[in-house]
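Report on one structure; see the data block that follows.
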Amino acid sequence: YCKKLNSITFEPNSTIEEIENRAFFFLTGPEEIVHPPSLNRIRDTALASIYNLKKVTFLSESIEIGNLCFLNDYNVVSISFSNAEKIDFVCRTLFHFPNDAKLLIKCDAKINNTNDIQNQVFYIENET
């Protein structure tokens, strides 16, 4: 694993659609990751155990978040889905997720599998 990776940046015109299992697993940094609008799937444990991770932003309109994706990300403060119309949390996506972390989701977004973290969902206004 590349433990010393301190930043993850996607080009403004990125066409990446999927991030594979353990792609950024077990890093010290970064503190923030902004995923491009083209991303529609992030696989199991892709962002797990990133020690300094505090904020994650998904700019996609539709996104599937894999199993244990945020496992052991104890410093996460927020995960934002500002453009998402549909969010699919696969089984145990937020297992070992900080209790005080917030999921920021559009009011009219369709969300699957949030039963165990419903108290962490905060609805944001739709941008017009």
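The values are calculated or read from the model by the stated rules, or taken from the named source; none is laboratory data. Quick caveat: nothing in here was measured; it's all calculated off a predicted structure. Glycine gets a Cβ as well: all are built from the backbone with ideal geometry, and neighbour counts include every protein chain shown. Side chains are part of the model used for accessible areas, which takes the heavy atoms of the whole protein and leaves out ligands, DNA and RNA. Shrake-Rupley method; radii C 1.70, N 1.55, O 1.52, S 1.80 Å.
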Residue within segment 75-91 that is modelled with pLDDT of 85 or more, in contact with a helix residue (DSSP H, G or I) (Cβ under 7 Å, 6 or more places away or on another chain) and open to solvent by less than 90 Å² (accessible area, probe 1.4 Å) present: no
Every residue from segment 98-123 that is surrounded by 15 or more Cβ atoms within 10 Å (Cβ to Cβ), over 20 Å from Asn75 (Cβ atoms) and at pLDDT 85 or above: Ile105, Lys106, Ala109, Ile111
Any strands (runs of 3 or more DSSP E) falling wholly within segment 80-128 and containing at least 1 residues that are closer than 15 Å to Cys69 by Cα and out of contact with any Phe, Trp or Tyr (no Cβ under 9 Å at 6 or more places or on another chain): 86-89
Verdict on Ala84 being of a type in the set (Gly, Ala, Ser), more than 14 Å from Lys55 (Cβ to Cβ) and over 11 Å from the mean Cα position of the chain (by Cα): yes
Residue, farthest from Ala84 (Cα to Cα), within segment 8-61, restricted to residues that are surrounded by 16 or more Cβ atoms within 10 Å (Cβ to Cβ) and of a type in the set (Phe, Trp, Tyr): Phe25
